[in-house]
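The values are calculated or read from the model by the stated rules, or taken from the named source; none is laboratory data. Quantities reported herein were computed from a predicted structural model and do not represent experimental measurements. Here the Cβ positions follow ideal geometry from the backbone for every residue, glycine too, while neighbour counts run over all protein chains shown. We work out accessible area using only protein heavy atoms, side chains counted, and drop any ligands, DNA or RNA first. Shrake-Rupley method; radii C 1.70, N 1.55, O 1.52, S 1.80 Å.
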Amino acid sequence: SCVEIEGRTVRARSPEKIVLDAPLVEVTGTFVQTGAKGSGPSSFTGGFTNTGGRIKSNGISLEEHTHSGVQTGGGSTGGPQ
């Protein structure tokens, strides 16, 4: 069975939390976390797979960043730039 709710804006409010209890949750649009209530850290359990687009953290691209202090051998690099 399927339950459909349609409107220009659909809002669900709770003073504590909203639980989506399903084996798969699909978002067909852009997912945006905003506001003071969502200003804390997010976490993922079980890994994260990106199948398109770029991943950036604090303006640093996972796919395109470089490292300083690169040396041959068993040394470590500097932080991402």
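Miscellaneous remarks
- Ordering Ile18, Ile55 by accessible surface, largest first, gives Ile18, Ile55; the 1.4 Å probe counts only protein heavy atoms, with every chain in place.
- Correct choice for log10 I(q)/I(0) by the Debye sum over Cα atoms at q = 0.11 Å⁻¹ that was computed from the model, options (1) -0.57; (2) -0.29; (3) -0.40: (1)
- Cβ-Cβ FRET estimate between Cys2 and Val27, R0 fixed at 25 Å, reported to 0.05: 0.90
- Percent RCO, i.e. relative contact order, over the chain, from Cα pairs under 8 Å lying at least 6 residues apart: 13 percent
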